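Each remark here refers to the structure printed beneath this line.
The values are calculated or read from the model by the stated rules, or taken from the named source; none is laboratory data. Note that the structure is a prediction, hence the values are computed from the model and not measured. Ideal geometry is used to build each Cβ from the backbone, glycine not excepted, and the neighbour counts take in all protein chains shown. Ligands, DNA and RNA are stripped out before the accessible areas are found, and what is left, the full protein with its side chains, is counted by its heavy atoms. Shrake-Rupley method; radii C 1.70, N 1.55, O 1.52, S 1.80 Å.
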Amino acid sequence: MMDAPMLLGYPIPLLFLYFIFYSFCGWVWETAYCSIKERHYVPRGFLYGPLCPIYGVGFLLMILFFAPFRDNLVVFYFVAVVVMTAWEYLVGWFLETTTHIKYWDYSHVKLNIKGRVCLPVSLFWGVMSYVAVFWIHPPVARLFARIPMWLQYTLCGSFFTLLAVDTVTTVRKLALVTRAMNKLQTAGDELRLQMALAKADLGDNIEEVGEQLRQKLDGIRGSLPPSAAERLDRLMDDYNELLARAERQSRRFRNRYVHMTSQRYTLDDVRAYGAQWRAALRASKERRKAARQAGHSAK
């Protein structure tokens, strides 16, 4: 069998196995920590499988780039803090840019940069790098070195296939969530536009919509002509359906990242918005039905 391709003195198949192993260890750590903190089981991780790739890549950075500085602990610590902080910031920026969702937020911690990194966590990364390079990785490397090359290739092929399927599935799910949120935003904008037009047409003193939109729905609808009210109800039906779909599709990510926030959408409010819209819609239909029945009775 031909020799394995190398990267910075390490066989690439072995590096990939390190990545899988440390990604799994990171998932176990985060899941245990968050489950204890929330007092119920919280499966962490961006992917469906039990992996946190940010830890896998982080450990590879430690193994490949920090080990040469082991003879000078001061330089080792400084390099570890800078590199790992840059890596965490890059991952946070990438996720926020591509998904418009903030999966962790250090804004409440002093000395943070846009909530993506903060000084206490950066200093912790330096300590963890020392523990990883000097204490954790040496026995792991000795254990993995015993794995025959054919088995390394077999494991790499199997794990890579599972990881690829998991990544594609996760990205597709995120795309669906983003699409649902975009439709939700469009529907909400259309509702606000209809409200603004209704206000202009009626010439009344209804307050500006926005945060008070839902509280003003009943009064506005009662002042609209029947055709406009029906149009509004259809818009509310569509909006309600989009809310339910967005809540359903984003449930997994919200359960795993209970404190995540969105740059475009308030994911934590999706269920509450849905309940309020449904209540307003039911009340409107009941009143309209009662009015029709009263009209028929009068005749």
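What number of residues within the stretch 17-57 are touching a residue at least 40 places away in the same chain (Cβ under 8 Å), open to solvent by less than 30 Å² (accessible area, probe 1.4 Å) and under 20 Å from T85 (Cα atoms)?
2
Among the candidates L47, L64, L51, single out the residue that is assigned to a loop (DSSP other than H, G, I, E, B), under 20 Å from S129 (Cα atoms) and not charged (D, E, K, R).
L51
Taking the conditions exactly as written (assigned to a helix (DSSP H, G or I), free of Cβ contacts under 8 Å to residues at least 12 places away in the same chain, within 27 Å of L17 (Cα to Cα) and not small (G, A, S)), does V131 satisfy them or not?
So V131 fits the description; yes.
Exactly one of these conditions fails for K114: (1) open to solvent by 40 Å² or more (accessible area, probe 1.4 Å); (2) more than 27 Å from N72 (Cα to Cα); (3) over 29 Å from the mean Cα position of the chain (by Cα); (4) not aromatic (F, W, Y). Give me its number.
The failed condition is (3).
What's the number of the condition W150 fails, among (1) outside any helix (DSSP H, G or I); (2) in contact (Cβ under 8 Å) with a residue 60 or more places away in the chain?
Going through the list (1) outside any helix (DSSP H, G or I); (2) in contact (Cβ under 8 Å) with a residue 60 or more places away in the chain, W150 breaks only (1).
List pairs: first residue in the stretch 2-13 and without any contact (Cβ under 8 Å) to a residue 40 or more places away in the chain, second residue part of a loop (DSSP other than H, G, I, E, B) and of a type outside the set (D, E, K, R) anywhere in the structure, Cβ distance under 7 angstrom, at least six positions apart or on different chains.
I12/A4; I12/P5
So how many residues does the stretch 84-105 have that are open to solvent by 50 Å² or more (accessible area, probe 1.4 Å) and under 16 Å from S122 (Cβ atoms)?
7
Identify, by number, the condition in (1) over 21 Å from L143 (Cα atoms); (2) in a helix (DSSP H, G or I) that Y18 doesn't meet.
(1)
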